Amino acid sequence: MANLKALRIRINSVRSTQKITSAMKLVAASKLRRAQAQMEAARPYAERLAHLLAALAPQVASSPTAPALLVGTRQDRTHLLVAVTAERGLAGAFNANVGRTVRQLKARLEAEGKVVKVATIGRKGRDFLRRDVAGRFAFEVSFAGKKQITFEDAHAISERIGALLAAGEFDVCTLIYNRFVSVISQQTIEVPLIPTPIPAEAAAGSGPRAVYEFEPEEETLLAALLPQYLATQIYRALIESAAGEQGAR
Amino acid sequence: MPLALELISPERLLLAKPVEMVVIPAAEGELGVLPGHAPMIVALKGGLIRIFEHGQETAPFFVTSGFAEITPERCSILATEAIAREALKKSEAEARLAAAKNAWEAVDKNDPFARDQAMAAIATAETMLRLAAG
């Protein structure tokens, strides 16, 4: 039977845990605001770039020499799954959701006879998936100790993905991350990266599409634009995930 | 009628205002854009974005590379990196040039796209250094 002393100790313990979690909440709230501002700021570039790609890609997609980033290898044998998670835990089901989605996707693809490789961004994802994909990590990136993610970080990751594609290491690439829906909710989504889905233009209300002149010609332009588009998508995933992580706390 | 100029980097919107003319460093030569320009999508090389409003030139920006979308009403510049000209630093430009030259040594000269990119990086760093010095 709990005596008075044991009860006191218990009360104290709950109180100090409460102090820690409420302090974490406060910190998360201010980090969340910063992350949200970063998300907002990145939107115009992403929108415009998607618009350019939509104007450009249809003219090149059918060409036999279309860049690999756009059309992939035209095969569907090896899949690369890129999972974006947080560096730290204590964020509810935030990291586990991504891990579980990757696991399910991997099981489904393997049931179809495909080879699955995994890359992780964030320490938690690597720890979660370590046993499932032992020895088949394409690469792992960790931003531990980094205060704010920059576009440079995303660009470096997109270059690694591009190099793996050029080396024939995979045919199809999918990004899995927690999309920031609102302050209190995140949604784990799968985004196809390669082959690049051509962004659908908001057809309604935009009227007839302007006919552009291109300089240099379409294929050269697209070859420069696609890596940038890939980096933009990864950047978006990184900052949405960072905002979602703080929201989940 | 003015031209709506937008200068956007991947991380944020740097500038959005109506201007009279903008001169952009297109990959195939400088391009002056006035209102009513034919619709175009161009790649950019390292160089200065020069902005003209109220009959005179205002503070220019240096961009490393990127794209511009031009319509009769609008000019949107998507710069990979954009730095105000006054903020250019000689030491940074030198470091960048050294890095670009190292990258050139490492590049596969049989891959035309990678080769062109490495060459463009050197040219960009050289332009940056020239602007930072002068």
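The values are calculated or read from the model by the stated rules, or taken from the named source; none is laboratory data. Everything numeric here is computed off the predicted structure, so don't read it as measured data. Cβ atoms come from the backbone with ideal geometry, glycine included; neighbour counts cover every protein chain shown. Ligands, DNA and RNA are stripped out before the accessible areas are found, and what is left, the full protein with its side chains, is counted by its heavy atoms. Shrake-Rupley method; radii C 1.70, N 1.55, O 1.52, S 1.80 Å.
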Could you say whether any residue in the stretch A:229-246 is under 26 Å from A:GLU152 (Cα atoms), surrounded by 15 or more Cβ atoms within 10 Å (Cβ to Cβ), in contact with a helix residue (DSSP H, G or I) (Cβ under 6 Å, 6 or more places away or on another chain) and at pLDDT below 85?
no
If I ask for residues that are surrounded by fewer than 10 Cβ atoms within 10 Å (Cβ to Cβ) and under 27 Å from the mean Cα position of the chain (by Cα), which ones from the stretch A:1-25 would you list?
none
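Residue-by-condition table, conditions (1) at pLDDT below 90; (2) over 18 Å from the mean Cα position of the chain (by Cα); (3) within 15 Å of B:GLY47 (Cα to Cα):
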| site | (1), (2), (3) |
| --- | --- |
| B:GLU92 | yes, no, no |
| B:TRP104 | yes, yes, no |
| B:PRO112 | yes, yes, no |
| B:ALA121 | yes, no, yes |
Considering only residues of the stretch A:46-82 that are of a type in the set (A, V, I, L, M) and away from chain B (no Cβ under 14 Å), which is nearest to the chain's Cα centre (by Cα)?
A:VAL82
Test each condition in (1) open to solvent by 70 Å² or more (accessible area, probe 1.4 Å); (2) in a loop (DSSP other than H, G, I, E, B); (3) within 21 Å of A:ALA93 (Cβ to Cβ) for A:ASP132 and report the one that comes out false.
(1)
Given the residues B:GLU28, B:GLU81, which is the only one that is within 14 Å of chain A (Cβ to nearest Cβ), surrounded by fewer than 16 Cβ atoms within 10 Å (Cβ to Cβ) and under 13 Å from the mean Cα position of the chain (by Cα)?
B:GLU28
Filter the stretch B:9-25 down to the residues that are in contact (Cβ under 8 Å) with a residue 24 or more places away in the chain and facing another protein chain (nearest Cβ under 9 Å) and list them by number.
B:SER9, B:PRO10
Scanning for something assigned to a loop (DSSP other than H, G, I, E, B), over 26 Å from A:THR232 (Cα atoms) and touching a residue at least 24 places away in the same chain (Cβ under 8 Å), does the stretch B:102-118 turn up at least one residue?
no
From B:GLU57, B:GLU6, which residue is assigned to a strand (DSSP E or B) and either in contact with a His (Cβ under 9 Å, 6 or more places away or on another chain) or more than 9 Å from every other protein chain (Cβ to nearest Cβ) (or both)?
B:GLU57
Would it be correct to say that B:ILE49 is under 17 Å from B:ALA79 (Cβ atoms), open to solvent by less than 30 Å² (accessible area, probe 1.4 Å), within 13 Å of chain A (Cβ to nearest Cβ) and within 14 Å of the chain's Cα centre (by Cα)?
no
Residues in the stretch A:150-165 that are surrounded by 14 or more Cβ atoms within 10 Å (Cβ to Cβ) and at the interface with another protein chain (Cβ under 10 Å from one of its Cβ atoms): how many?
4
Of all residues in the stretch A:30-73 being in a loop (DSSP other than H, G, I, E, B) and without any contact (Cβ under 8 Å) to a residue 40 or more places away in the chain, which is most open to solvent (accessible area, probe 1.4 Å)?
A:PRO64
Has the stretch A:173-184 got at least one residue that is within 30 Å of B:THR71 (Cα to Cα) and either touching a helix residue (DSSP H, G or I) at 6+ places or on another chain (Cβ under 8 Å) or of a type outside the set (Ser, Thr, Tyr) (or both)?
no
